[in-house]
Amino acid sequence: MNREIPEIGGWKLVVQSLFERLGSPKKNPLKLAFLTIASAVIALPLAAAEHPAAVSTKDDLVSRGQYLSVAADCAACHTDPAGGQPFAGGYAIQSPMGKIFSTNITPSKQFGIGNYSRDEFAKAVREGVRADGGHLYPAMPYASYSMLTDADIDALYAYFMKAVKPVEKASPETKLPFPFNVRASMIGWNALFLGKDRFTADKAKDDQWNRGKYLVEGLAHCAECHTPRNALMAPNQSAAFAGGQVGSWYAPNITSDKLSGIGGWTDEELFSYLKTGKAGDKSRAAGPMAEAVEHSFQHLSDDDIKAMVAYLRTVPAIRDAGQTEANFVHGTAGTDVLKLRGVRKLTHEITDMSDGAQLYIAACASCHQPDGLGTKDKFYPALVNNTTTGQPNPTDLIAAILFGVKREVGGRETLMPGFGADSLVQRLSDEQVAAIANHVLQQFGNKQAKVTPADVATVRAGGPTPLIAWLANPFVLGVIGLVGLGVIVAAFRFIRRRKQAR
Ligand code: HEC
Ligand code: HEC
Ligand code: HEC
């Protein structure tokens, strides 16, 4: 009887031991019935699990598509963070031109992309053109996705059509002011800036590097944040990964430069940063980077993270102007406590609301410690030798103070309260934030960096306004209109005069 059990892995041992315990089933019909049911219950799922080949190749495509959608972070943008259904849209992306709402990309035929053919889907994802021919704004990172391979588009399409639950709900409409509401203007933008080439492996490099390039430049679209943008809001390729503004935050230089970029980080630090948002005391992921780690990178395979690290190592180094020391070597442990003891009151009660040192003691020291070295267990990071306090651009320090840090990795939450307008702890003014930031920079960070209350106001308001956004200003538009009219009138007169002269 034992011989008849098919050889498909470890589950046979379980059934075998059952057989032995129950004796011969021929003598006992009850035992036979029990045995049949029990072995079916045990064997079926085990057999399926041990035989992935038994799963149809279609489902393979779907699960590959799901992984790709995580690597590309589709859900983060296409889900309303205020409890929206997955992929139903409604996330408001704060662009300098106004709010751009992500759309419903569930397979709902009425409200989503249920009627999209595979090719229409490919065109939306890689070329930024909807099925109805309307052009998407580059808030949808199609310029990065343009390099996605046909095979990956197939997998993504299979996942969205087969495994995503349709949500029968319209996403809010995007209403940008003139001239940005003219979607056709994107035709010109695409002609100038949209790459047409799909990814092809560089034969001179190994598989890991090629995979890393595909992830960093394509799927995981790191350049959308880390590459500075030109006057038309397109990535400036000659400064690839040299650092870019992302709303209130600044995505720092991640080129291979040893001082300004990640050239001085170890492979382990980079791996850990991408996988968990922590690179020892050197750096922690906050703001949009924390979101990317939380929703996307922490779920990627170790091999994929290693591939990204390998590729980042080879991104051409770009040094920030005038930089002479690495971002992570600044500052010394604070001695304020000793200096201030007996001189000023060192309680949580602030006696001088404009004194950076006192404000630091009151608002920050309970976690980052009076000496700025953080806690021993490293849960609260040191502010010394930390890239956020050491980089020449203090934007992320200001943003961390105003908006705090929030990140969930592996089911564990990391939280620093913000001190901005929504603070549940304490609301600090622009002057107070500037005073704390300057104290932190002087004591623990880059002494050359300075923060003014106006800088804080800019970060609070969502970041600096790029030139192009001024186009939507009625006054500027009026002036441009008048100048344009003036040119036309002048040209008309000039032609008339030449005609009369003849
Ligand atoms: C950084 C945010 C962001 C990410 C990441 C993102 N999208 Fe989008 N997507 C948008 C926004 C915003 C729009 C709407 C843009 C507009 O209205 O011009 C959009 C529009 C679309 C559309 C057009 C749907 C329609 O008919 O309106 C499709 C399809 C789409 N995205 C698919 C995807 C897929 C698939 C992924 C992942 C591979 C993805 N998106 C990742 C922001 C994002
Ligand atoms: C949505 C925007 C966004 C995307 C996408 C993004 N980053 Fe970031 N990144 C940021 C911001 C903002 C910071 C600064 C975070 C902070 O202050 O804690 C940052 C910080 C970093 C740092 C730390 C730099 C330092 O000096 O401390 C590294 C390394 C990094 N990102 C790598 C990457 C890689 C690699 C990718 C793609 C796989 C990526 N990022 C994708 C916005 C982004
Ligand atoms: C309740 C504890 C707590 C308080 C109070 C606090 N922090 Fe933090 N801080 C944290 C935690 C937690 C992190 C994130 C650690 C991580 O990401 O792993 C953090 C991170 C930071 C970072 C790094 C952010 C980045 O972008 O990488 C800076 C800078 C910082 N804090 C400065 C301050 C300053 C200045 C104050 C006072 C205004 C302050 N913190 C108050 C707990 C605190």
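The values are calculated or read from the model by the stated rules, or taken from the named source; none is laboratory data. Since this is a predicted model, take the numbers as computed values, not measurements. So basically every Cβ, Gly included, is an ideal-geometry build from the backbone, and we count neighbours across all protein chains shown.
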Residue check for ASP119: surrounded by fewer than 19 Cβ atoms within 10 Å (Cβ to Cβ), free of Cβ contacts under 8 Å to residues at least 40 places away in the same chain and either among the basic types (Lys, Arg) or more than 16 Å from ligand 3 (Cβ to nearest atom) (or both): yes
Answer with yes or no whether GLN94 is surrounded by fewer than 18 Cβ atoms within 10 Å (Cβ to Cβ) and within 16 Å of ligand 2 (Cβ to nearest atom). yes
Region 368-378, residues that are within 16 Å of ligand 2 (Cβ to nearest atom) and surrounded by fewer than 23 Cβ atoms within 10 Å (Cβ to Cβ): GLY374, LYS378
What's the number of the only condition in (1) surrounded by 21 or more Cβ atoms within 10 Å (Cβ to Cβ); (2) over 18 Å from the mean Cα position of the chain (by Cα) that LYS258 fails to meet? (1)
Which members of region 268-292 meet the condition of being assigned to a loop (DSSP other than H, G, I, E, B) and of a type in the set (Phe, Trp, Tyr)? none
Within the group VAL384, VAL433, which residue is of a type outside the set (Gly, Ala, Ser) and touching a residue at least 40 places away in the same chain (Cβ under 8 Å)? VAL384
Right, ALA321: within 16 Å of ligand 3 (Cβ to nearest atom), of a type in the set (Gly, Ala, Ser) and surrounded by fewer than 17 Cβ atoms within 10 Å (Cβ to Cβ) or not? no
Odd one out for LEU312, checked against (1) farther than 19 Å from PRO394 by Cα; (2) more than 7 Å from ligand 2 (Cβ to nearest atom); (3) buried (at least 23 other Cβ atoms within 10 Å of the Cβ): (2)
Looking only at region 299-314, and only at residues there that are out of contact with any Asp or Glu (no Cβ under 9 Å at 6 or more places or on another chain) and not charged (D, E, K, R), the one that is nearest to CYS367 (Cα to Cα): HIS299
Of everything in region 379-392 that's assigned to a helix (DSSP H, G or I) and near ligand 3 (Cβ under 9 Å from one of its atoms), which residue is surrounded by the most Cβ atoms within 10 Å (Cβ to Cβ)? THR389
Of all residues in region 73-116 being among the hydroxyl-bearing types (Ser, Thr, Tyr) and within 25 Å of SER185 (Cα to Cα), which is modelled with the lowest pLDDT? SER95
If you go through region 393-407 one residue at a time, how many are near ligand 3 (Cβ under 8 Å from one of its atoms) and charged (D, E, K, R)? 2
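Conditions tested, residue by residue: (1) touching a Gly at 6+ places or on another chain (Cβ under 8 Å); (2) away from ligand 1 (no atom under 12 Å from the Cβ); (3) more than 23 Å from VAL62 (Cα to Cα).
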{"residue": "HIS135", "(1), (2), (3)": "yes, no, yes"}
{"residue": "ALA143", "(1), (2), (3)": "yes, no, yes"}
{"residue": "PRO177", "(1), (2), (3)": "yes, yes, yes"}
{"residue": "LEU192", "(1), (2), (3)": "no, yes, yes"}
Qualifying position, being modelled with pLDDT of 80 or more and either surrounded by 10 or more Cβ atoms within 10 Å (Cβ to Cβ) or not assigned by TED's automatic domain parsing to the domain that holds GLY390 (or both), among VAL479, VAL456, VAL489: VAL456
Quick check: is even one residue across region 278-297 of a type in the set (Ser, Thr, Tyr) and more than 9 Å from ligand 2 (Cβ to nearest atom)? no
Those residues that are within 16 Å of ligand 1 (Cβ to nearest atom) and either of a type in the set (Ser, Thr, Tyr) or at pLDDT below 95 (or both), I need them from region 283-323; list them, please. SER296
Filter region 237-282 down to the residues that are touching a strand residue (DSSP E or B) at 6+ places or on another chain (Cβ under 6 Å) and either modelled with pLDDT of 95 or more or farther than 22 Å from ILE398 by Cα (or both) and list them by number. GLY244, ALA251, GLU269, SER272, TYR273, THR276, GLY277, LYS278
Taking region 228-252 and keeping residues buried (at least 22 other Cβ atoms within 10 Å of the Cβ) and under 15 Å from the mean Cα position of the chain (by Cα) leaves PHE241, GLY243, SER248, TRP249, TYR250, ALA251, PRO252
Going through region 408-424 in order, the residues found to be more than 7 Å from ligand 3 (Cβ to nearest atom) and either aromatic (Phe, Trp, Tyr) or touching a residue at least 40 places away in the same chain (Cβ under 8 Å) (or both) are GLU408, VAL409, GLY410, GLY420
Inspect region 157-166 for any residue being at pLDDT 95 or above, more than 30 Å from MET308 (Cβ to Cβ) and away from ligand 1 (no atom under 11 Å from the Cβ) and give the result as yes or no. yes
What are the residues in region 428-440 that are assigned to a loop (DSSP other than H, G, I, E, B) and either near ligand 3 (Cβ under 9 Å from one of its atoms) or within 27 Å of the chain's Cα centre (by Cα) (or both), if any? LEU428
